[in-house]
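Inspection log for the structure reproduced underneath, given as structure tokens.
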Amino acid sequence: MQPDRREHLSALNPPLRIGERVGVLFTDTDGARTEALGFVTHVDADAVALVDRHGTERRLAWGDVEALRRVPISRGRRPDAAPRALLDDLADRTGAAGTPWVARISDLLAGRTPPEMVPAWGETAAFGGAAARFEGEWVTVAGGSPDDWVAAAWWATRMGARSVQVRLPGADDAPAASGFLRVG
């Protein structure tokens, strides 16, 4: 008989929320101990479900969970040290024009409540007035507002992005107020 491990759910303070990033150690169907890292998509008294950066969703019964912990968004490298040619190439593939503004996604999202839903996995997504493209550790956002940039960053973290680049036409300094650094 398996032990009742639902204490993982009740021991978390504050309670586990959909959208949070967690690491889970569990016993898989073959009886092997397995580790998974992902974002919570469902939680109830019987199970927790999470989706990893490849879009694979796992539903784990609490009886199979050995340990669970919250995991912060990956910090990544200094985005302001990225070569300008890299940023320009990313922007070209996104169709984004203007001066590059960059930020670490972990800094941009610090202290914010994760959304329960983000757009489906994929190379591109739209957020209000912004178009976003995910590539490697970067998400490039063309246009939009600070809320659009944050939404794009949450979306891109689900796939493993660590840095965000915003491109705005003209001399708009709005990204600076949101914690972005101007490059070049």
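The values are calculated or read from the model by the stated rules, or taken from the named source; none is laboratory data. Note that the structure is a prediction, hence the values are computed from the model and not measured. So basically every Cβ, Gly included, is an ideal-geometry build from the backbone, and we count neighbours across all protein chains shown. Heads up: the accessible areas ignore ligands, DNA and RNA and are worked out on the full protein's heavy atoms, side chains in. Shrake-Rupley method; radii C 1.70, N 1.55, O 1.52, S 1.80 Å.
Per-structure values
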read-out	value
Rounded accessible area per residue of the stretch 38-177, 1.4 Å, Å²	46
Rounded if a/c under 1.5, otherwise prolate or oblate - the stretch 79-182, Cα gyration tensor axes	rounded
Residue with peak Gaussian network fluctuation, the chain [Cα springs, cutoff 10 Å], from 118, 51, 166	118
Between helix 84-94 and the chain: long-axis angle, C-alpha atoms, 0 to 90°, nearest 10	80
Taking the stretch 79-182 and dividing mean pair separation by its residue count, relative contact order in percent (alpha carbons under 8 Å, at least six apart)	36
Among 128-141, 80-93, the order from most to least packed when residues are scored by Cβ within 10 Å on average	128-141, 80-93
Selection from 138, 37, 178 lying farthest towards where the dipole of the chain points positive, charges on Cβ	178
Residue 66 long-range amide H proximity, modeled H, under 5 Å	25, 26, 27
Length gained when the stretch residue 35-residue 174 is fully extended (0.36 nm per residue, less Cα-Cα span)	46.0 nm
Rounded to 10°, Cα long-axis angle of helix 146-157 versus longest principal axis of the chain	50
Charge sum, other residues only, whose C-beta stays under 12 Å from residue 153's C-beta, Lys/Arg counted +1 and Asp/Glu -1	+1
Charge sum, other residues only, whose C-beta stays under 14 Å from residue 115's C-beta, Lys/Arg counted +1 and Asp/Glu -1	0
Helix-only CD estimate at 222 nm, as mean residue ellipticity for the chain, using -39500 (n - 2.57) per DSSP H run (n ≥ 4)	-5000 deg cm²/dmol
The chain, accessible surface, carbon-and-sulfur percent (1.4 angstrom probe)	50
Those residues of the stretch 35-57 whose amide nitrogen sits under 17 Å from the label point placed on residue 28, 7 Å along Cα→Cβ	35-38, 50-57
Point-to-point label distance, residue 53-residue 110, nm (Cα→Cβ direction, 7 Å offset)	2.1
Under 14 Å, Cβ to Cβ, from residue 174 - net charge with Lys/Arg +1 and Asp/Glu -1	-2
